[in-house]
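Quick notes on the structure that follows.
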Amino acid sequence: MSAKKINLPLLVLVFFLFLSKSFSQSQDWEISVSNYEQYTGIVAANGRIGILPSAQIFQTDKIILNNVYDKESVLGVSKILLGMNFGNLEVEINGDKLDNSKISDWKQTINMKEARLITSFTYKDIAKISYSIIALRNVPYSGYIDIEITALKHLNLRTTGKIQTPEEYQNPLSTFRVLKDLETTMPILQTVAKSRLGKHTVATSGTFIWHHINSTRENQRPKLTHQKISEYDNRISFEESVKKGTTYKFAWTAAQCTTQDFYDPQTESERFVIFNLLTPRNDLLQQHQKLWEDLWKGDIIIEGDTQSQLDVRLALYHLYAFSRADSDLSIAPMGLSSQNYNGHIFWDTELWMYPPLLVFNQGIARSLVNYRSNRLEMAKKKAINFGYKGAMFPWESDDTGEEATPAWALTGTFEHHITADVGIAFWNYYRVTKDKKWLKERGYPLLKEVADYWVSRSTPNADGSYSIKNVVGANEFAPNVDDNAFTNGSAITCLRYATLAAEALGISSNPNWNAVSDKIIIHKLPDGTTKEHNNYKGEIIKQADVNLLAYPLNIVKDKSTILKDLKYYEPKLAKEGPAMAQSVFAVIYARLGDAENAYRLFKRSYEPNKRPPFGALAEAATSNNPYFATGAGGMLQTVIFGFAGLHLTDEGIVQKNPVLPKKWKKLTLTGVGTDQKTYVVK
């Protein structure tokens, strides 16, 4: 048998192509940084809790709890809770407590594919250390810190896990107990307290897990020492010797529950920790990774522009991290990264974050619309209380469904387009899913009420037209105006969608819906440019308003008017305005076939807002309040509904006239719609 001749140059080429592809894939999913002089962390979140990391080793900046509110002050409005911090560890090696001043080679990586934040560093010539922070997708009220210490020399290790309760909490009770069931022992560090004004009971439990032994056998695990610094600072510690050349692996896990979601949060927090303790590490983390793998079936792949790929992936990562299917929860403007805007829910969800999620994950989209449906009765009460019919949704919403905007802010009393934004989101959900059962049970009942609201909210004029008076529009720089373009346009759209919903169910619609929608006035400037409101005189605007009539409302359709509106209003956007404005302009230019202007505005919509070292988005170029999930939704819409040319229609998701920026070689969207289609633009 003769030996085959090996083509060595070809083999080498194939090998390097393989390496190049693997490196590129890693590049596309990970952002690594090695400088923390200016530091804004990337949150690890799972739709229930957000864990915001720190640049300081083994430290966590804060924990945010989704949809858990108490009043911000005795006379204040509601504010989302800052959770008990279970993410601060202390690690001592040979009696030396580690901090950033004593280490080298600090590196932090966000692995978006697996939703893990990895920190690594070297301690002198003694140890190499890495740890991952994970907000478990499979056990959503818990977090997991997975730690590896490789001993370069023999070392003595002491590690302390903590539950630190913010001072605003009342009457904390901190304990340490070892629960037992036959031979299984379960050490539980726990703190239970009342939230700042006593609305909720909050309970946090935590424990260590050792991967190389049976952590539930008391005679096998290291001895645990309990130290209660105060009721607000509860700790357990263990000590271990690590031989040179070996890697010591262990984890710290904790769970946090409240009376918002549980009748007995104390016991539930214990059960989640026990579940994490008794579930094999690989099984637990693989379950988490599998759920993220399922999320990433809906993805955006950009070839030829690695930076845009990372920026877009980071945006999509945050929308996935801040939400979950079957939760019936919504997303605040800053998601689970901060308490900004009190953690309230705005139009930011329906108009900006919801459309990309509707395209890629109908389960999450369903939760977002169900959040509103569950608060329909409160919206109906609000309409009655302000003299209107139907349902009137709050500008800022919390767990109750009542208006949560501070009374001094005119938006809470007068920014009414939110009610139309909600209705539009509902019809779009049906357009994509064709779920007639949902439409009958949830969709149409809400659409009917919001349509009735807009009929009662409109005022007839002498010429037969209708006006909507005394509102704050999307351009919040102009309060208490009549016939704001976007408010009127969104009302027209919502009324038309309510009629379509009735037709889909074979129900007779209210004839007033079409009669009013056909005659709501949209004012024009003398040259035909759409007028921002009836008394607009060319002032600077906070954000896109008129241009929303071209996209997403599709009310202004003729190209000449669309271009007039684009050229007139782009120079009038405030420099300190939010990121989404440029996104709208970018989508419209892309749909007009102008890839150059679309790409210019796409980049402008977020690049000035990126904060070091990872590129977390702030709300505006001049602000520092990341992560701004609303801006992420806007930039994603530019890619999905602009460059990729997807449209939400009564026939479902369709593609029309996609365009590709010159810098991009190829754009691929995967997992689109209920049949998870793939769209490619070359």
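What follows draws every value from the coordinates through simple rules; no lab data is involved. Computed from a predicted structure; not experimentally measured. Neighbour counts run over all protein chains shown; Cβ positions are idealised from the backbone, glycine included.
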Glu168 label point, 7 Å along Cα→Cβ, cut-off 19 Å on backbone N: hits in the stretch 319-357?
-> 332-346
Packing-ranked peptide list from 328-335, 280-287, highest mean Cβ count within 10 angstrom first, is 328-335, 280-287
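Given 10 °C and 1.306 mPa s, compute D for the stretch 153-199 with the Stokes-Einstein relation, Rh being the Kirkwood radius over Cα pairs; round to the nearest whole µm²/s. Write down the numbers at each step before the final one.
Values: Rh = 13.6 Å.
The estimated diffusion coefficient comes to 117 µm²/s.
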Kindly identify the stretch 265-392 as rounded, prolate or oblate by the Cα gyration tensor criterion: order the square roots of the eigenvalues as a ≥ b ≥ c, call it rounded if a/c is under 1.5, otherwise compare a/b with b/c, prolate if a/b is larger, else oblate.
-> oblate
Between Lys102 and Asn385, what length in nm is gained on full extension when 0.36 nm per residue of separation is reduced by their alpha carbon distance?
-> 95.7 nm
Segment Asn512-His647, extension gain: residue separation times 0.36 nm, minus the distance between their alpha carbons | 45.8 nm
At 222 nm, what helix-only mean residue ellipticity would the chain give, in deg cm²/dmol to the nearest 500, using -39500 (n - 2.57) for each DSSP H run of four or more?
-> -9500 deg cm²/dmol
Exposure proxy ranking, count of Cβ atoms within 10 Å, fewest first, for His416, His647 | His647, His416
Taking 7 Å along the Cα-to-C-beta vector as the label spot, tell me the Phe275-Lys524 distance in nanometres, rounded to one decimal.
-> 6.0 nm
May I ask you to list the residues of the stretch 306-335 whose amide nitrogen lies under 19 Å from a point 7 Å from Cα along the Cα→beta-carbon direction of Asp435?
-> 320-331
Between Ser73 and Thr247, 0.36 nm times their residue separation minus their Cα-Cα distance comes to what?
-> 57.8 nm
Treat the count of other C-beta atoms within 10 Å as a stand-in for reagent exposure and order Glu476, Glu403 from fewest to most.
-> Glu476, Glu403
Roughly what would the spin-label model give for Asn374 and Glu231, points 7 Å off Cα along C-beta, in nm?
-> 3.1 nm
Any lysines whose Cα falls less than 20 Å from that of Lys567, other than same-chain ones fewer than 8 residues away, would be Lys524, Lys531, Lys537, Lys542, Lys557, Lys559, Lys575, Lys603
To the nearest 0.05, the calculated FRET efficiency linking Ala407 and Lys128 through their beta-carbon distance, R0 being 51 Å, is 0.40
Treat the count of other C-beta atoms within 10 Å as a stand-in for reagent exposure and order Asp483, Asp70, Asp105 from fewest to most.
-> Asp105, Asp70, Asp483
For Lys469, list the aspartates and glutamates whose Cα falls under 12 Å from its own Cα; do not include residues on the same chain fewer than 8 positions away.
-> Glu415, Asp482, Asp483
Past 20 Å, Cα to Cα, is the threshold; run Lys107/Lys128; Lys662/Lys682; Lys297/Lys666; Lys62/Lys249 against it and keep the listed order.
-> Lys62/Lys249
Does the stretch 173-256 classify as rounded, prolate or oblate by the C-alpha gyration tensor (a ≥ b ≥ c root eigenvalues; a/c under 1.5 gives rounded; else a/b over b/c gives prolate, otherwise oblate)?
-> prolate
Would you grab the residues whose amide H sits under 5 Å from the one on Gly304? Only those 5+ places off in sequence or on another chain, please, with H modelled 1.01 Å from N.
-> Lys665
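I need the peptides 122-128, 336-342 ranked by packing, meaning the mean over residues of other C-beta atoms within 10 angstrom, with the highest value on top.
Working: 122-128: 16.4, 336-342: 21.4.
Top of the packing list down: 336-342, 122-128.
Sort the following peptides by mean Cβ neighbour count (other Cβ atoms within 10 Å, averaged over residues), highest first: 206-219, 459-472.
So the peptides 206-219, 459-472, ranked by packing, come out 206-219, 459-472.
Using the reciprocal of the averaged 1/r over all distinct C-alpha pairs, how large is the Kirkwood radius of the stretch 30-295 in Å?
Every distinct Cα pair counted, the radius reaches 18.9 Å.
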Run the dipole for the stretch 179-325 about the Cα centre, Lys and Arg Cβ at +1, Asp and Glu Cβ at -1, nothing else charged, and hand back the magnitude in debye, nearest 20.
-> 500 debye
Once amide H atoms are built 1.01 Å from N in the peptide plane, which residues 5 or more positions from Asn470, or in another chain, come under 5 Å H to H?
-> Val481, Asp482, Asp483
